[in-house]
Amino acid sequence: MTDQLTLRRSAARPAPRARPRPAPSAERVVLLAAPLLFLALMLAAPLAELLGRSLADGGAALRTALGSAVFLDAVWRTLWLALVATLVTVGLGTVYALAVAVGPAWVRAFLVAGLLVSLWTSVMVRTFGWMLLELPTGALYWLLHNLGLADAPLQVFQTTAAMYPAMVAVMLPFAVLAVLGPVTAIDRDLLAAAAVSGAGPLLTFRTVVLPSLRGAMISGGVLVFVMSLGFYVTPLLLGGPSNLTVSGLINAQLRTANRIDVGAAMSVLLIAGTVGAYLIADRLFRVSERWGGR
Amino acid sequence: MTVGLTVDDVRVTLGDNEVLKGVTLHAEPGEFVTLLGASGSGKSTLLNVVAGLQDVDRGAVLFDGVDVTRRAPRHRKVGVVFQSYALFPHLTVAENIAFPLHAARRPRAERAATAQRMLDLVQLAGFADRKPESLSGGQRQRVALARALAADPAVLLLDEPLAALDKQLREQMQVEITRIQRHVGTTTVAVTHDQVEALTMSDRVAIMHDGRLVQCATPEELYRRPADEYVARFLGEANLVEAHGPDGRSPVVTGTAVVRPEDLQLVDADTPAGRWVFEGPVQLVSFQGSRYRLELLAGHAGTILCSLPPHTDVGALSPGVHARVACLDPGLVHVIDHRRPALDHVPEVVA
């Protein structure tokens, strides 16, 4: 334990003087073996396979993928979806976290329960839930119809507008969890100082709350963005064929077009892009320090 | 702007704990009053009540006779220096100081001018564009004070303002805060658990104990004429001995006499036994730099503590030797009149 701490510390900051690194102890090697083996079998091997396929024949599959207008369209669409979903999710997530922090006990219990239940429920189930809501004669129509607000069945299912609420709902717990800790850690004295200085709620929010949460919102945003790049089920079921994401396109390559090599190449590009996006974000905002790497 | 501050019979209960049990306090316009007490005495709660950061169950807070009890903190026009300073970390020093004017939607030029004026006042002229994180503790303290005073508050509140500073800086800031407070003339209430700080800075000191205000008076008055045993023990050292009637001859204990250790002096064995003469075997003699500390076991009066000037000849005094000390000026002894049950165990010496 101590070994690990020293090792991490000295690696994290530029050491003023050279410190001999303790050799990894025997129990650390043994303890690390199982997860490393698991990662090698379940992650590294498939990745190598994908890379091998996409680079076969001098990278023909890669060239096909990059030259495909459908793929490039899907890339831009995916980036755009992820960006919009991230901005909306982080905004809502912050409001949600603030409500959890300052709300009365029953509001807090209700909101936390909602968060956990939604985390425990599979994305697939939640997406089908949104489907039932948005179908032309679904739950939403039923509600609006009974309120006398809709006469004809709704035309929202499998449109772009139908997709965003579900995507945000799927991602919301991650944004809330990222912000919730820092919200409860906001310095009470700063809030009191703003209050006695005569600041209203808006100025207090701008001067104290937002700056205190900025880092958490960014790291939550990066998390949501990176996860959103791989969005598959939700856009496919709710957004329809006109909202094809990169994941959806890869699926089409493998199952319909039967171009496994091109699908592999696209997968490699998606993974590389995702890792690249994360590394850039990490470089800019030091996200990894927030997620446990000290 | 400066106002007279009145706290009228304020009671606060937090959970099952009655933190303030009916506190009444008045500060004249421009006066510096310090709330002094041990932790848990309710002094910080009382400060929060004045700031509006703590609701009261009963009682009222008045500024110049106007009831502000139900007024939100942001509308009270108070300046507060928090123990943690609570500077906004991403704002510059000047922006921090001008924040109350920003909140009041004052024009930019006025904010800048006020920030400059306040920086001069707290002697931080070149620091306008620095961030709080780049300042030392003492400098942050000054910025916090400047921010609290920037909008010319009705009342200035200082919550343990010097607790986070080291000793030397603390003494320097005591003088500094007093200078600035006299200069701006704002009615000030400070909270501290440091006696020296309270006595140095304040016009009057209010001793708080267990949710009550025991005595509020000038430092001299508190020291010379404590209202009860708690105050006598709390400020400096005191010998508390039984007082028997006005002439000392009555068999009935009528009060507690407060004899300060520095008011006692060594006297010859042939000095007639008087009312404030104590004698017995020496228990301890120790040299403390500016004073000698002497402890006698004086019969029924118990241990008597005596503080002697450094030039005293203590050669003959060693533990076990019989010695005699006396307070020759009876006017220096204050008798707390007993209209209530006697002390738990009399006599007693408390450091």
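Would you say B:Arg71 is more than 8 Å from every other protein chain (Cβ to nearest Cβ), in a helix (DSSP H, G or I), surrounded by 14 or more Cβ atoms within 10 Å (Cβ to Cβ) and of a type in the set (Lys, Arg)?
No, not satisfied.
Can you tell me which residue among B:Arg108, B:Arg204 is of a type in the set (D, E, K, R) and under 19 Å from B:Val3 (Cα atoms)?
Criteria check complete, one pass: B:Arg204.
Let's see how each residue does on (1) free of Cβ contacts under 8 Å to residues at least 40 places away in the same chain; (2) more than 14 Å from chain B (Cβ to nearest Cβ); (3) crowded, with 22+ Cβ neighbours inside 10 Å:
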site: A:Asp189; (1), (2), (3): yes, no, no
site: A:Ala195; (1), (2), (3): yes, no, yes
site: A:Pro201; (1), (2), (3): yes, no, no
site: A:Phe205; (1), (2), (3): yes, no, no
site: A:Val208; (1), (2), (3): yes, no, yes
site: A:Ser219; (1), (2), (3): no, yes, yes
site: A:Leu223; (1), (2), (3): no, yes, yes
site: A:Val226; (1), (2), (3): no, yes, no
site: A:Tyr232; (1), (2), (3): yes, yes, no
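Are there any helices (runs of 4 or more DSSP H) wholly within the range A:102-179 with 3 or more residues that are modelled with pLDDT of 90 or more, and if so which?
Of the helices (runs of 4 or more DSSP H) lying wholly inside the range A:102-179, those with at least 3 residues that are modelled with pLDDT of 90 or more span A:105-120.
Scan the range B:87-105 for residues that are part of a helix (DSSP H, G or I), under 32 Å from the mean Cα position of the chain (by Cα), under 16 Å from A:Phe205 (Cα atoms) and more than 7 Å from every other protein chain (Cβ to nearest Cβ) and jot them down.
We begin by selecting, within the range B:87-105, every residue part of a helix (DSSP H, G or I); these are B:93-97, B:99-103.
Filter once more, keeping what is under 32 Å from the mean Cα position of the chain (by Cα): B:93-94, B:96-97, B:99-101.
Next, from what is left, pick out any that are under 16 Å from A:Phe205 (Cα atoms): B:96, B:99-100.
The one that is part of a helix (DSSP H, G or I), under 32 Å from the mean Cα position of the chain (by Cα), under 16 Å from A:Phe205 (Cα atoms) and more than 7 Å from every other protein chain (Cβ to nearest Cβ): B:Asn96.
So B:Val80 clears everything in (1) within 14 Å of another protein chain (Cβ to nearest Cβ); (2) in a strand (DSSP E or B); (3) over 20 Å from A:Leu191 (Cα atoms); (4) not acidic (Asp, Glu) except one condition, right? Which one?
Unmet for B:Val80, out of (1) within 14 Å of another protein chain (Cβ to nearest Cβ); (2) in a strand (DSSP E or B); (3) over 20 Å from A:Leu191 (Cα atoms); (4) not acidic (Asp, Glu): (3).
In the range A:229-248, how many residues are part of a helix (DSSP H, G or I) and either over 13 Å from the mean Cα position of the chain (by Cα) or at pLDDT 90 or above (or both)? Quick ask: steps written out before the conclusion?
Taking the range A:229-248 and keeping what is part of a helix (DSSP H, G or I), we get A:229, A:233-239, A:241-243, A:246-248.
Narrowing the set further to residues that are either over 13 Å from the mean Cα position of the chain (by Cα) or at pLDDT 90 or above (or both) leaves A:233-239, A:241-243, A:246-248.
The qualifying residues number 13.
Kindly indicate the residue of the range B:215-248 that is over 14 Å from B:Asp337 (Cβ atoms) and assigned to a loop (DSSP other than H, G, I, E, B) and also modelled with the lowest pLDDT among those meeting that condition.
Filtering first and then ranking leaves B:Gly248.
Identify the single condition in (1) in contact with a helix residue (DSSP H, G or I) (Cβ under 9 Å, 6 or more places away or on another chain); (2) of a type outside the set (Ser, Thr, Tyr); (3) within 14 Å of another protein chain (Cβ to nearest Cβ) that A:Met124 does not satisfy, given that it satisfies every other one.
In the conditions (1) in contact with a helix residue (DSSP H, G or I) (Cβ under 9 Å, 6 or more places away or on another chain); (2) of a type outside the set (Ser, Thr, Tyr); (3) within 14 Å of another protein chain (Cβ to nearest Cβ), A:Met124 misses (3) alone.
Based on what the data block shows, is A:Val156 surrounded by fewer than 19 Cβ atoms within 10 Å (Cβ to Cβ), touching a helix residue (DSSP H, G or I) at 6+ places or on another chain (Cβ under 8 Å), more than 14 Å from chain B (Cβ to nearest Cβ) and closer than 28 Å to A:Gly240 by Cβ?
No; evaluated as a whole, the condition is false for this residue.
The values are calculated or read from the model by the stated rules, or taken from the named source; none is laboratory data. The model shown is predicted, which means the values in this text are computed figures rather than measured ones. Don't worry about glycine lacking a Cβ; one is built from the backbone with ideal geometry, like all the others, and counts go over all protein chains shown.
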